[in-house]
Structure formats: structure tokens, C-alpha cells
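The values are calculated or read from the model by the stated rules, or taken from the named source; none is laboratory data. No experiment lies behind these values; they were computed from the predicted model shown. We place every Cβ from the backbone using ideal geometry, glycine too, and count neighbours over all the protein chains shown.
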Amino acid sequence: MILCKQTQADHKASIFGAFLSICRIVIRCSWSIGSLNALKNITMNEPFFNGHFPHIPVMPGVLMIEALAQAAGILSFKTMGQRADPRSVFYFVGIDGARFKRPVGPGDQLHLKVSIVRAKGGLWKYDAQALVDEQLAVEAVLMCTMRKLEP
């Protein structure tokens with residue numbers, strides 16, 4: 001098994017700008033396998049903790065799904081052998097079976113796992129999970145499509 005690490009800086013400027021939800025990417029074997037593992041370190045400095053909730057900080061579920069979607073987008077670009085550019089956008093077309101199993105808070109490390117189920121006709125389908133301390137925090141089936149923006 002070959003492990004490859006990439007930093008946030010490798011993808012930040014070209015894909016997600018200031019809204020990046022991934023701290024590190026860890027790939028098992030190769031991109032051609034169609035799976036990716038990534039990490040998101042959750043700190044008290046996250047801006048959403050100010051209001052969600054001030055007395056019990058909990059990461060919003062929608063942001064956990066967003067982190068999984070970002071991992072899926074990176075996986076798709078790498079699988080296609082392409083680098084993201086400002087004209088490439090992945091849009092959600094569906095989220096099925098989303099289940100939130102445990103709260104995620106400051107000090108947690110969210111382990112993101114996505115794998116390609118199918119890529120056909122411009123639509124991508126992924127199995128996605130996020131775990132904390134080997135406990136399932138969220139799972140979903142994500143569906144996305146890539147579009148090129150007009151110049």
C-alpha cells in the first residue's frame with residue numbers, strides 16, 4: 001500500500017478558495033482505484049461555532065456533507081487525470097441516504113472517505129463517510145456533475 005500526502009495548499013487556490021474544508025489528503029494505492037481518504041481537523045476557531053451552538057459547539061451537518069463533496073471533487077479530478085481550474089465546477093445533483101450518527105466538535109479529527117460508485121454520462125456517484133475516532137459521524141450517497149463555465 002502506497003500512501004501519498006498532499007497539503008491544503010496543493011488544492012486551495014485552484015479548487016475551493018477560502019471555503020476549503022479539507023486539511024490533508026491521504027490516498028491509498030492510486031487514484032485509479034477510485035477512492036480517497038482525507039482529513040479535516042476541527043478547531044474551536046471555526047467560524048460556525050460562534051452560533052452553532054455557543055454553549056455546545058457542534059459542526060453543522062451541511063458542512064460535513066460539504067467536506068465530503070470537496071473530497072469527492074478532488075477524487076474526480078485526479079481520476080480523470082486533470083487539475084481543477086477556475087472554469088471547472090462540480091455541482092451537487094443529489095444527496096441520498098444522508099444520516100448523521102454523532103456530533104462533531106472542537107478537537108475532533110474528521111476522517112473523510114469517498115469512493116466512486118459510478119461515473120457515466122457526466123454524472124458521478126460516490127459513497128461517502130466521515131468518521132471520528134473510528135465512529136461513523138455521517139454517511140451519504142453523493143451525486144455530482146462537472147461543468148465548464150463559459151469564459
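For the reader, a short list of remarks on this structure follows.
- Counting only residues that are under 30 Å from residue 148 (Cβ atoms), in contact (Cβ under 8 Å) with a residue 60 or more places away in the chain and among the charged types (D, E, K, R), the stretch 99-125 holds 1 of them.
- When the stretch 105-151 is limited to residues that are charged (D, E, K, R) and assigned to a strand (DSSP E or B), the one that is nearest to residue 43 (Cα to Cα) turns out to be 113.
- Residue within the stretch 105-126 that is among the small types (Gly, Ala, Ser) and in contact with a Pro (Cβ under 9 Å, 6 or more places away or on another chain) present: yes
- Filtered residue count, the stretch 48-104, keeping only those that are assigned to a helix (DSSP H, G or I) and either modelled with pLDDT under 90 or surrounded by 14 or more Cβ atoms within 10 Å (Cβ to Cβ) (or both): 22
- Criterion violated by residue 57 - all others in (1) more than 21 Å from residue 37 (Cα to Cα); (2) without any contact (Cβ under 8 Å) to a residue 24 or more places away in the chain satisfied: (2)
- Contact annotation: residue pairs with Cβ atoms under 7 Å, 6 or more positions apart or on different chains, pairing a residue in the stretch 24-47 that is buried (at least 17 other Cβ atoms within 10 Å of the Cβ) with a partner that is modelled with pLDDT of 85 or more and part of a loop (DSSP other than H, G, I, E, B), are 42/59; 42/104; 42/105; 42/106; 42/107; 42/108.
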